[in-house]
Amino acid sequence: MVIPHHSKSVGTTMKIPPGFAHAAFWLILLTAPAHSAELANELNNHPSPYLALHGNDPVAWQDWGPDVLERARKENKLVFLSIGYFSCHWCHVMQRESYKNPEIAAVLNRYFIPVKIDRELEPALDGKMMDFVQSLRDSGGWPLNAFVTPDGYPVYATLYERPQRFLALLQRLSDLWQKDKQKMTTLAHTNLPAGKGPGSPQLDFKRVYRLHTRLGEYARSVADEIHGGFGTSNKFPMEPELAELLTIYQRFDHEALLGDAITKALDAMMNKALRDHLNGGFFRYTTDPDWSTPHFEKMLYNNAQLALLYLRAGKLFNRDDYTRVAHETYRFMIDNMRRPDGAFIGAFSAVDKNGKEGGGYLWQKDELKKRLTPEQYRLIELIWGLEDPSQFESGAYLPVPVKNMEEAAKTLGMDPKQAQALYSEAAEKLRQIGKSKQHPADTKKLAGWNGLALASFAEAARRTGNKEYQAVARGIRNYLVEQLWRNGELMRALNKGKPLGQASLQDYGFVAWGLMQWAMLTDDTSDFELARKIANRGYEKFYTASGWRMDDGGLIHYGQTRDAIEDGAMPSPSALLLLAMTRIGNHLDDDKLLEKAAAALNSGWKTLESNPFYFATRLEAAYVNAGSSAR
């Protein structure tokens, strides 16, 4: 096993000594003197549902804060940071296999300061550690497990590990730290990535136009012509990229090949297993290239983006089915994720209350036969393809139509309208039964994610005139402004009126964008001015002469500023902030705001040119800003 050492000039490796005998390690563990008071698990009844799940683990999880590093310094121990989130399947698996394991817990408690992190409360910390683990292994995911020196420098990181492999890793790292602390500390200090300078201003309209062309060409080159979407392994919705492709298609003469790539992706996501055809909403991604096996998390940010994406596409391609899916997705969010205070919760878990992945969405044939009339079951059997073998080990079926209503009605000798009514009765019956099977909710109401939801509902209300969407948007806006915007600073979330987590660039960028979209709906100058105030504050906190930083300080020393931040499952927070600043500046005739946005966009030009597909939101910000400059 090696710990890679990454530096700008020389790459070396440090080998961890071979693992010592298991019995010998336990002799050391049992006889080693205690240097401090015994750690206790601090997460029981934590306001974060994810952290509270670990409150009864035998691991003495600590809540993240400066006290953790102070204790690590006093006790001369590495900090073990385990980062995950409520709806993550493999996070639950590792908890069950390793963190409930007394043997592993004893090692963690004795030789490390173990800390559980909810990535949704600490997105900047999660981003730093994701960059670090990807620098070691060229892949990322969760659970993300990092080992950090007492002065806050990461030295090693891994993802999900099987129990015996994880225990061996803990033993080796503990042994290495005890034998050669100085060498590990030096390694950690040299693991820092090189930062990038601001670059030279090159933003102009012609360059941006050419990058739009390149983005479209690249999208077509990586489009899956067979299954739809992009790439050839597991499939993610890639909402920021699709949103910009829709804009390019609309803006530049409806290029046919690009339109085909967009509609194939939208058709696949709508018709296959990424969408919950019975209960509504979309899952986070599928584990295969043909969209047939979902990872069962349902996230607010996916559904907010996809609802608006389908609404826009329905208008652009004259597709009533897209528009219907958009409204069904908005209905899912309103009915399942909205809370009485107007804010939206973050997610539903991938596992049901019994710990079974997707359990609340899967149906056994016997249960369906018991719950439905024979006529209803026969229709469901045809439409859902229950005559075919199940793709799941349990033999259960996920409701995904394989035949349309007309085909099923013809097979049964029924009128299609009669068949539709029969199907609707059966589906409603199953939805009511399914309420008792609903997956646990992550009830955190995060500023940034609610900012995305506000933007989605506000733009949908502006496009459709839907009064309910406007009322929902107003509720989100009021929660953000009245609860989370305090004394000129944003809070990430609240627990009984007190701040929970630290607001990051993501929060400022997404909230500014949401408030800008709200202002576009109301056309009220005071709404634009509030959006400007939050956008300016985000720019002041997170933009420096050398680029963007994800947080305004932090305890972990890893990651330099970036001149541009790429899109991920959510839009780039810096790009969305700059796009909001540009649109606000245009509306309020604020040349200073436009110039600040232009300067930040200029500094990331070379990064944007490297592959505009993965910086789609930034490209849109550059296009709008360049157009403003050309006025």
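The values are calculated or read from the model by the stated rules, or taken from the named source; none is laboratory data. Just so it is clear, the model here is predicted, and its values are computed rather than measured. Cβ atoms come from the backbone with ideal geometry, glycine included; neighbour counts cover every protein chain shown.
Structural remarks
So that you can scan it fast, the table gives a plain yes or no per residue for (1) out of contact with any Gly (no Cβ under 8 Å at 6 or more places or on another chain); (2) of a type in the set (D, E, K, R); (3) in the same structural domain as residue 501 (by TED's automatic domain parsing):
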| residue | (1), (2), (3) |
| --- | --- |
| 544 | yes, no, yes |
| 550 | no, no, yes |
| 564 | no, no, yes |
| 569 | yes, no, yes |
| 576 | no, no, yes |
| 579 | yes, no, yes |
| 591 | no, yes, yes |
| 601 | yes, no, yes |
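- Pairs meeting the criteria (first residue in segment 54-77 and assigned by TED's automatic domain parsing to the domain that holds residue 185, second residue of a type in the set (Gly, Ala, Ser) and not in a loop (DSSP other than H, G, I, E, B), beta carbons under 6 Å, at least 6 apart or on different chains) are 58/105; 59/105.
- Residue tally, condition touching a strand residue (DSSP E or B) at 6+ places or on another chain (Cβ under 8 Å) and basic (Lys, Arg), over segment 411-454: 2
- Taking the criterion of being more than 16 Å from residue 540 (Cβ to Cβ), among the basic types (Lys, Arg) and free of Cβ contacts under 8 Å to residues at least 60 places away in the same chain, the only residue of segment 580-620 that qualifies is 618.
- Scan segment 321-347 for residues that are within 21 Å of residue 434 (Cα to Cα) and not in a helix (DSSP H, G or I) and the total you get is 6.
- Contacts under 7 angstrom Cβ, first residue in segment 407-427 being closer than 12 Å to residue 375 by Cα, partner not in a helix (DSSP H, G or I), 6 or more apart: 409/415; 426/372
- Filter result for residue 258 (out of contact with any strand residue (DSSP E or B) (no Cβ under 6 Å at 6 or more places or on another chain), modelled with pLDDT of 95 or more and surrounded by 14 or more Cβ atoms within 10 Å (Cβ to Cβ)): no
- Top-ranked residue in segment 125-142 [being without any contact (Cβ under 8 Å) to a residue 24 or more places away in the chain and not in a helix (DSSP H, G or I); ranked as surrounded by the most Cβ atoms within 10 Å (Cβ to Cβ)]: 140
- If the condition is being within 22 Å of residue 242 (Cβ to Cβ), of a type in the set (A, V, I, L, M) and touching a Lys or Arg at 6+ places or on another chain (Cβ under 7 Å), then segment 570-623 contributes 575, 608.
- Contacts under 8 angstrom Cβ, first residue in segment 525-554 being of a type in the set (Ser, Thr, Tyr), partner crowded, with 22+ Cβ neighbours inside 10 Å and at pLDDT 90 or above, 6 or more apart: 539/577; 539/581; 539/600; 543/574; 543/600
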